[in-house]
Amino acid sequence: MTLSAAIRTGDVAQLPGKRDEDWRWTDLRGLIRVLPPPSPEVSGEVDDGPFGPAELTIVNGRLRGDTAALVVPAGETRTVRLRFVSASEATSHGAHLAVELGEGARLTLLESHEGRAADYVADAVLTIGVGKDAALERIVLTNDDPGAVTVSTAIVTLGYGARLSQTVLAGGAKRQRIETRVEHPGHGAQVRLDGAYLLAAQRHADLTSVVTHDGVGGVTDQLAKGVVRDQARGVFQGRIVVAEGADKTDGRMGHHALILSDRAEVDAKPELEIYADDVACAHGNTVGALDEDALFYIRQRGVPEPEARALLTEAFVGEVVERIEHEGAREAAAAWVAARLGG
Amino acid sequence: MLSINNLHVSIEDKPILRGLSLELPAGEVHAIMGPNGAGKSTLSYVLTGREGYEVTDGTVTLDGEDLLALEPNERATKGLFLSFQYPLEIPGVPAMHFLRTAMNAQRKARGEPEVGAGEFIKLARETAAALKIDFDMLKRALNVGFSGGEKKRMEIFQMAMLQPRLLILDETDSGLDIDALRIVADGVNAMRSPERSMLVITHYQRLLDYIRPDKVHVLSAGRIVATGGPELALELEREGYEKYERAAA
């Protein structure tokens, strides 16, 4: 049951919904009675995305240019801006892109999901192979329409000694899900899987991840933060699976959310599934409001209340932004956060 | 400067201050001493506008203006500064960034130009050096992981940077060893001026050996029960608060 299958076949019975355990907080089947018609091909220029001019642009599910996949040959280093643009109102489309990093290659993937129309349904799938000793830093920024329904899935396979560092910044949509599945071989491979969702109005965002440790000595470090206000809803589902024999796995998961209004909601399900004996795994999960004592302290120093709240909230999310290694991406992420918390 | 008249304050319907009156003229330093539970911290919080303190009667004016009608940040902009008994930790906000935000918020509210980064850093360096604060500490998140003494020194540092006109020091000596106390007191004394007033709230006389008050008030059961010169603090140190607690009851 996936959105991409439903879009491909036009059959809404293919949509994931409440009865699927991993989709109960992001019920697409109950939401979409009829899929909107397929998105048309759009040939016009699109102006620059949040990271600047892009090497790869996918508009309404169609990749522009004659590239079929993103390949970084062994030993090479690249920075690639990848844009998914939804440009037509009330239509649906899906896209798939394969990303391959050869042995020892390095890729900074600056990925954005942008809505340039209203009420679209969009699915995107990335299959990513990170070769032995290769390193991928993936930053995902979303600017979706409030009426859109979007699902983005990355399926990542790592080689020995490979590194995946990911930061997802979700601004939400009518329904927005960003899912990451990682096959973790251990043996020196390292994963950092961060995310933040900043939601207002009636927006919804769902950060879901599954990291499966299959080999000895793998590291996964996950930090997700959320800020919800108005009637927004944030969902965090993080699962770290440590298979039998994947000893010496070091897995850490943290999810922390601020709820800034009575009608906003956060649903969180952090899970550690451990079948090995000798592991160091921990998770922490907190959901709460801003610290009123800290707010008073800041106001006593002369800062008006809205700015004091923004200062504390920005600092709260800042921890995720600071972990981004690529300097330009860190700046773009900080600007994205400031724009959402400022208004 | 500060005029408190017949102030009654309750917390959740429980009266804490019961008719407190006090005149603090410009240029003077007044100490408020009293036993635990007398209402000392309540006084500092109600003057600065913390939520949860209900003023049921009385007035407070700063240079004739109704202080109680102002938001906490507006009071700060008028020059009111509280050195907290327990300074808050502000995770993720470097001390320098915090203070520059505060300074510029106050300047903006007063219609003054904002302080530039270079000018601010120069001022912070000089002020930190005088208070023996390691400049690198100002790059760390405010008060996070600081010792009790470091937090108190950071309060005085902020005070010296913001140059308020009315200072409230709430138990500033608690948690300080004798060397830190001397540094803090020197910092406070350096700010004494004919245009600036201070309210020094303390349980013990010790701090007043270093910050000499013009007047000492005894606060007991929510009102001022005695007022005298510095010798009153010595008497309290010798004889305790018992006599005044009886008088108040």
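The values are calculated or read from the model by the stated rules, or taken from the named source; none is laboratory data. Just so it is clear, the structure is predicted and the values come from calculations on it, not from any experiment. Cβ placement follows ideal geometry from the backbone for every residue including glycine, while neighbour counts extend to all protein chains displayed.
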Members of the stretch B:210-227 that are of a type in the set (Lys, Arg) and in a strand (DSSP E or B): B:LYS215, B:ARG223
Neighbours by Cβ (under 6 Å, 6+ apart or cross-chain): first from the stretch A:90-105, under 19 Å from A:THR2 (Cβ atoms); second among the hydroxyl-bearing types (Ser, Thr, Tyr): A:THR91/A:SER39; A:THR91/A:TYR120; A:HIS93/A:SER39; A:GLY94/A:SER4; A:ALA98/A:THR127
The listed residue being more than 14 Å from every other protein chain (Cβ to nearest Cβ), on the phi > 0 side of the Ramachandran plot and not charged (D, E, K, R), out of B:GLY116, B:GLY145, B:GLY92: B:GLY145
Failed criterion for B:LEU43 (all others in (1) under 27 Å from B:ARG110 (Cα atoms); (2) within 14 Å of chain A (Cβ to nearest Cβ); (3) assigned to a helix (DSSP H, G or I) hold): (2)
Residues that are within 7 Å of another protein chain (Cβ to nearest Cβ) and outside any helix (DSSP H, G or I), drawn from the stretch A:316-328: none
Filter result for the condition that a residue is polar (S, T, N, Q) and more than 12 Å from every other protein chain (Cβ to nearest Cβ), over B:THR172, B:THR101, B:THR77: B:THR172
Residue that is surrounded by 15 or more Cβ atoms within 10 Å (Cβ to Cβ), assigned to a strand (DSSP E or B) and in contact with a strand residue (DSSP E or B) (Cβ under 9 Å, 6 or more places away or on another chain), where the choices are B:LEU207, B:LEU199, B:LEU232, B:LEU236: B:LEU199
Single unsatisfied condition, A:VAL46 versus (1) modelled with pLDDT under 95; (2) buried (at least 18 other Cβ atoms within 10 Å of the Cβ); (3) closer than 17 Å to A:ALA117 by Cβ: (2)
Qualifying residue in the stretch A:69-87 (condition: surrounded by fewer than 21 Cβ atoms within 10 Å (Cβ to Cβ), in contact (Cβ under 8 Å) with a residue 12 or more places away in the chain and closer than 19 Å to A:ASP145 by Cβ): yes
Qualifying residue in the stretch B:171-184 (condition: surrounded by 18 or more Cβ atoms within 10 Å (Cβ to Cβ), assigned to a helix (DSSP H, G or I) and more than 17 Å from the chain's Cα centre (by Cα)): yes
Top-ranked residue of the stretch B:8-21 - restricted to ones that are hydrophobic (A, V, I, L, M, F, W, C) and more than 15 Å from B:GLY34 (Cα to Cα), ranked as surrounded by the fewest Cβ atoms within 10 Å (Cβ to Cβ): B:ILE11
Among residues of the stretch A:226-241, those that are more than 20 Å from A:VAL320 (Cα to Cα) and either part of a strand (DSSP E or B) or among the hydroxyl-bearing types (Ser, Thr, Tyr) (or both), counted: 1
Count of residues meeting criterion [touching a Ser or Thr at 6+ places or on another chain (Cβ under 9 Å), closer than 18 Å to A:ASN285 by Cβ and not polar (S, T, N, Q)] in the stretch A:198-222: 5
Any chance B:ALA69 is modelled with pLDDT of 95 or more and within 20 Å of A:LEU290 (Cβ to Cβ): no
Single unsatisfied condition, A:ALA332 versus (1) under 18 Å from A:ARG229 (Cβ atoms); (2) in a helix (DSSP H, G or I): (1)
